[in-house]
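One structure is given below, encoded as structure tokens.
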């Protein structure tokens with residue numbers, strides 16, 4: 001009987017040791033939720049949300065981050081700080097493709113890294129706000145092929161969500177626009193092409209001889225994603241359809257047409273990533289007009305008026321292209337659950353009524369349906385309405401986003417035919 005009692009006590013002790021070991025293991029490994037893991041293992045002094053941000057929305061997003069940080073936000077009791085890293089969408093896409101940010105390889109876990117390797121992940125982007133959703137899709141396809149899983153999601157809580165919209169519009173100096181409209185009709189890529197190839201220059205077009213030859217303004221595709229978007233829009237009008245393939249871009253007749261068109265750009269090599277700003281700073285020497293992002297044109301409208309005394313006129317093309325600036329959270333193990341959830345909180349802040357109204361002062365169209373374009377007196381859509389701004393764009397021919405093959409074909413064609 002005594003022996004049985006001791007055996008029972010021994011079994012009870014073993015069970016208690018197992019339960020105690022399980023509790024200790026849960027404390028070390030983090031229990032059920034990723035958030036608990038972060039707090040136990042990492043216990044950060046601050047949760048840092050690093051946001052790669054496309055250049056057209058960077059001023060708005062940066063000011064929003066300053067306002068957000070000023071509220072002293074916390075998550076699970078840990079202070080949160082948002083950092084903004086400006087980067088053109090194509091530049092960021094190239095860095096994702098080359099894995100410059102250091103995403104972990106297949107089967108590699110954070111726990112298996114050295115302390116030096118873990119420290120390197122502190123600079124890994126939590127969020128990417130590129131110019132357009134198609135850039136997210138291209139980057140995700142590259143990583144899915146490499147890792148066998150998605151790193152950017154299209155559904156669920158962490159899905160990519162547009163935070164603002166800006167269309168590509170024609171911006172042309174009023175003196176030049178009046179001549180084109182009077183002699184050729186509504187501004188279009190075909191009319192701009194005809195103006196570009198006019199051997200007699202502006203006199204042949206009916207303009208002032210002192211204007212010289214027509215000069216087109218288009219962003220440099222190597223520095224600004226808008227350059228590729230402009231060529232996609234031109235192709236849409238040339239073919240009169242919204243879906244453009246590699247075969248369309250490699251057609252010799254189209255290439256000849258596009259080469260003539262792009263050949264009227266003054267100098268791609270000296271252009272910066274801020275094409276509309278160059279337009280405002282250097283005026284007619286940069287060009288007579290071109291297709292640029294609506295928000296960039298609106299932000300630089302005052303500078304153009306102040307420096308050149310020739311107001312800009314805005315026109316909306318039949319084949320519409322746009323950027324929707326998706327807020328895209330990296331879902332891999334390189335960033336913690338706390339960082340991902342803190343990113344969601346900043347996303348909600350950007351989509352709030354207050355911050356969407358603030359976007360109007362940067363010429364950005366809100367994605368929050370509660371905020372109209374005339375929601376504030378500071379709205380650039382209100383300020384420059386007499387310059388041709390449309391509150392509701394009366395077009396239905398929306399260009400489809402290019403796939404990777406079309407994108408590469410465009411860049412290669414530009415390098416071979418225009419850049420040099």
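Just so it is clear, none of the values below were taken in a lab; they were calculated from the coordinates. Quantities reported herein were computed from a predicted structural model and do not represent experimental measurements. Don't worry about glycine lacking a Cβ; one is built from the backbone with ideal geometry, like all the others, and counts go over all protein chains shown.
Per-structure values
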read-out	value
Options (i) 70; (ii) 64; (iii) 58 - which one matches percent of Cα pairs over 27 Å apart as calculated here	(iii)
Cα gyration tensor shape for segment 96-149, rounded if a/c is under 1.5, else prolate or oblate	oblate
Nearest-ten-degree value, helix 404-414 long axis tilted from longest Cα axis of the chain	40 degrees
Two-decimal log10 I(q)/I(0) for segment 44-183, as the Debye equation yields it once each C-alpha is a single scatterer, q = 0.10 Å⁻¹	-0.47
Residue 182-residue 144 FRET efficiency (beta carbon distance; Förster radius 56 Å; 0.05 resolution)	0.60
For segment 225-378: rounded, prolate or oblate by the Cα gyration tensor [a/c cutoff 1.5]	oblate
Protection proxy ranking, peptides 102-108, 162-168, average beta carbon neighbours within 10 Å, highest first	162-168, 102-108
For the chain, built as a Gaussian network whose Cα springs stay under 10 Å, the top-fluctuating residue of 126, 250, 328	250
Residue order, fewest to most beta carbons within 10 Å, for 179, 80	179, 80
Cα-based radius of gyration of segment 157-313 once divided by 2.2 N^0.38 Å, which approximates compact folds	1.06
Per-residue Cβ neighbour rank within 10 angstrom, fewest leading, 265, 218	265, 218
Packing-based exposure ordering (other Cβ within 10 Å, fewest first) of 197, 331	197, 331
Inter-site label distance for residue 267 and residue 115 at 7 Å from Cα along Cβ, in nm	5.3 nm
Share antiparallel - DSSP beta bridges, the chain, percent rounded to 5	55 percent
Max mean-square fluctuation residue, GNM over the chain, Cα-Cα springs under 10 Å, options 276, 65, 198	198
Label point 7 Å beyond Cα of residue 204 along Cβ direction - residues of segment 152-196 with amide nitrogen under 13 Å	193-196
Backbone N within segment 344-385 under 13 Å of label point (7 Å from residue 153 Cα along the Cβ vector)	344
Full-stretch length increase - residue 67, residue 241 - with 0.36 nm per residue and alpha-carbon distance subtracted	58.3 nm
Rounded Å value of the spacing that divides the Cα centres of segment 65-110 and segment 355-420	25 Å
Equivalent ellipsoid dimensions for segment 243-318 as semi-axes, Å, which come from the Cα gyration tensor, largest first	28, 15, 11
Between helix 337-350 and the chain: long-axis angle, C-alpha atoms, 0 to 90°, nearest 10	40 degrees
